[in-house]
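Here is the structure we will look at, set down as structure tokens.
Just so it is clear, none of the values below were taken in a lab; they were calculated from the coordinates. This one's a predicted model, so the numbers in the text were calculated from it and none came from an experiment. Cβ coordinates were reconstructed from backbone atoms using ideal geometry, including for glycine residues, and neighbour counts include every protein chain displayed.
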């Protein structure tokens with residue numbers, strides 16, 4: 001029996017084009033229903049996708065993907081694009097799960113994904129490169145960059161904007177203006193877009209005068225003269241578009257939910273001989289009342305009730321999340337010291353800095369999606385005696401690496417970096433896993449790098465970092481801690497001092513962060529199954545490493561093991577190997593961590609660990625095998 005849904009008959013862009021215009025509203029409604037049903041079960045970026053339904057349909061009606069290429073900024077609003085390019089059905093139903101569609105665009109997933117992304121602000125530069133490549137090779141395809149308004153708070157987008165007219169004459173930029181990134185947009189660009197979107201005078205004047213000139217037999221030539229005059233004199237009558245200052249033809253604002261208006265503007269843009277920017281106004285979360293009412297909450301959402309919009313309730317008695325513990329601690333320290341300043345890059349809710357914004361608003365700054373600026377801004381504050389705390393996801397701090405080295409660490413400024421989401425972000429995948437920060441920070445002088453094993457230790461580390469004379473870095477995972485009670489008063493942790501959690505004489509496991517609990521499980525298994533005496537150390541510091549403890553233990557045990565939620569290459573285990581090598585210590589080390597690969601998205605941390613031989617069983621087997629090989633080598637040497 002054939003399906004009555006139009007969506008079920010969409011297997012690619014050709015099917016979208018074949019529909020009658022009267023069928024498109026029904027298709028849009030079915031797409032919204034599908035988005036809500038799947039993300040209610042799996043979680044995901046529901047708000048951004050509900051806002052671009054009509055826009056994405058219009059793109060596939062007017063252009064020919066994959067010949068014509070769409071570059072979506074961040075690509076977290078690409079679910080509709082996936083549904084229209086043959087990725088619906090069971091594959092989409094497993095969105096962000098093992099074996100299902102990625103939550104972002106992914107070149108390996110489909111030929112229709114022209115460019116993969118997971119960080120904001122990249123679309124315009126990438127699209128400009130693709131358009132320039134087209135010009136150089138003499139082909140004729142269209143390149144369309146779909147940029148959220150928040151992308152224009154990113155420095156890289158403005159750098160690209162500055163290069164458009166010097167690089168190509170044919171590029172279509174869609175400014176998807178919904179007034180939100182993750183949190184409410186901030187800054188002068190956001191205020192400017194609000195002014196232009198609420199003042200239709202500019203485009204009405206432009207359209208009416210252009211139509212008047214073109215009505216004459218020599219109208220095209222007259223219109224060119226008018227356009228030149230307009231560029232030189234328009235500011236006397238109406239504020240010029242910022243984008244026209246950069247040489248782009250500005251069209252809009254256009255109702256982003258009006259398919260006819262979108263089609264007309266896109267068709268016009270296809271035939272322009274200059275780069276064009278179409279300013280499209282959309283409603284984030286359209287079609288789900290709760291997402292419209294709470295756009296920040298439904299930007300990247302966990303599972304929710306598709307009828308009420310209510311999120312799944314936490315189980316009573318579960319441990320405090322690291323993010324909540326961090327937010328509460330920062331508020332406490334900020335109230336005690338007016339020099340403590342919290343800074344985030346458009347992630348107040350995700351980092352729990354929203355608590356600081358509510359309780360101590362004068363000591364909170366959201367700089368928008370501008371991590372480079374956030375770090376430099378913090379450096380400037382630090383030169384004047386303030387104690388800035390930058391709460392930035394590990395994966396996003398990569399974007400500000402030069403500022404970390406050149407502007408903070410080189411000058412040894414007391415900035416604290418709280419690197420949220422260190423380790424896996426399982427449903428989001430490789431663009432969001434925080435698996436590289438130890439490797440890229442360990443090599444930087446003046447950096448003190450630490451990781452807590454529980455939420456109480458996180459509050460101690462934040463307290464400790466705020467006393468450092470130079471930069472401090474604290475990495476911690478997403479989600480619940482161990483359930484330990486947080487002390488009424490934080491403790492200073494001696495810099496570079498590890499904690500012996502359990503003594504052992506056969507094997508010592510040096511574990512980092514949440515891997516301490518895993519190390520204890522492994523130690524119990526090795527003791528029960530092999531009768532081994534296995535010690536566990538909570539390393540706490542990656543830099544400086546507790547070399548005294550490490551070398552004293554290496555001198556008396558036959559095997560050391562390191563465990564980290566980070567890539568093995570250049571990580572914590574590498575730091576241990578370096579310390580032993582520098583001391584001419586030959587004690588073997590078994591390093592447990594993620595391989596030299598980009599880890600895909602999956603159902604959970606546990607499922608991904610199992611897929612890469614990093615489950616508890618796998619780790620126990622590896623250590624047993626290494627210990628056995630060492631034992632055999634010892635016997636052979638003695639013989």
Inset, instruction - Sort 616, 282, 431 so the one with the fewest other Cβ atoms within 10 Å of its own Cβ comes first. - result: 616, 431, 282
Inset, instruction - Determine the shape class of segment 322-475: with a ≥ b ≥ c the square roots of the Cα gyration tensor eigenvalues, call it rounded for a/c under 1.5, and otherwise prolate if a/b is greater than b/c, oblate otherwise. - result: rounded
Inset, instruction - Describe numerically, in nm with one decimal, the distance between label points set 7 Å from Cα along Cα→Cβ at residue 294 and at residue 358. - result: 1.2 nm
Legend entry - Percent antiparallel among DSSP beta bridges (both partners in the chain, rounded to 5): 15 percent
Legend entry - Zone residues, segment 587-611, relative to residue 521, backbone N less than 14 Å from point 7 Å out along Cα-to-Cβ: 604-611
Inset, instruction - Give me the distance in nm between label points sitting 7 Å out from Cα along the Cα-to-Cβ direction at residue 260 and residue 598, one decimal. - result: 4.3 nm
Inset, instruction - Over segment 322-475, calculate the relative contact order: mean separation of alpha carbon pairs under 8 Å at least 6 apart, over the residue count, as a percent. - result: 23 percent
Inset, instruction - Counting helices only, and only those DSSP H runs with n ≥ 4, report the 222 nm mean residue ellipticity of the chain as the sum of -39,500 (n - 2.57) divided by its residues, in deg cm²/dmol to the nearest 500. - result: -12000 deg cm²/dmol
Inset, instruction - Take 154, 409, 147 and order them by how many other Cβ atoms sit within 10 Å, fewest up front. - result: 409, 147, 154
Legend entry - Full-stretch length increase - residue 167, residue 245 - with 0.36 nm per residue and alpha-carbon distance subtracted: 26.5 nm
Inset, instruction - Treat each spin label as a single point 7 Å out from the Cα along the C-beta direction, and report the residue 94 to residue 615 distance in nm. - result: 1.7 nm
Legend entry - Mean Cα-pair separation over length for the chain, i.e. relative contact order, pairs under 8 Å, 6 or more apart, %: 11 percent
Inset, instruction - Could you list 564, 530 in order of exposure, starting from the residue whose Cβ has the fewest other Cβ atoms within 10 Å? - result: 530, 564
Legend entry - Stretchable slack from residue 8 to residue 488, in nm (0.36 nm times residue separation minus alpha-carbon distance): 167.1 nm
Legend entry - Full-stretch length increase - residue 307, residue 108 - with 0.36 nm per residue and alpha-carbon distance subtracted: 68.2 nm
Inset, instruction - Write down the Kirkwood hydrodynamic radius of segment 499-638, to one decimal in angstroms, obtained as one divided by the mean of 1/r over all alpha carbon pairs. - result: 15.4 Å
